[in-house]
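Please treat every number below as a calculation from the coordinates, not as lab data. Not measured: the values here are computed from a predicted model. Here the Cβ positions follow ideal geometry from the backbone for every residue, glycine too, while neighbour counts run over all protein chains shown.
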Amino acid sequence: MKKPKLNGQAAIAEAVTHSLDEYIQKMDGLPIDNLHDLVVGCVEKTLIEDVMKRTKSNQSEAAVMLGINRNTLRAKLDKYKIKLPS
């Protein structure tokens, strides 16, 4: 079965560009450093939280959806201190 062609990458890129524009404007000329780590960390944490909600905290399903292995997912859950429902 062929996957439908979606324009998700363009929409995500546009959202990141918009957020960066807003962030840089709010910095009002102050020096900006470590922008890569800031953006990657924010996006990765948000992505993992969203996928965990969508999969009802099923780590195996979430790992497949994210394209990472379950041990990597667990490490990222710890890194970002993402709590799963008990």
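Data table
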item	result
Contour minus Cα-Cα distance for M27 and K81 (0.36 nm per residue)	16.7 nm
Sorted peptide list for 62-70, 37-45, 21-29, criterion being average Cβ within 10 angstrom, highest first	62-70, 37-45, 21-29
Translational D in µm²/s for the range 36-86 (Stokes-Einstein at 10 °C, 1.306 mPa s, Kirkwood Rh from C-alpha pairs)	146
21 Å Cα-Cα threshold exceeded, pairs from K45/K79; K26/K81; K53/K81; K53/K76; K56/K83	K26/K81
Three-way shape label, the chain, alpha-carbon gyration tensor, a/c 1.5	oblate
Estimated distance in nm for a label pair at T17 and Q59, the labels positioned 7 Å out from Cα along Cα-to-Cβ	3.8
Cα long-axis angle, helix 35-54 against the chain (0 to 90 degrees, to the nearest 10)	30
Signed unit charges on C-beta, dipole axis of the chain, positive-most listed residue N34, Y23, L84	L84
Helix-only mean residue ellipticity at 222 nm for the chain, each DSSP H run of n ≥ 4 adding -39500 (n - 2.57), per residue, nearest 500	-22000 deg cm²/dmol
With Cα atoms, 0 to 90° folded angle of helix 70-79 axis to the chain main axis	40
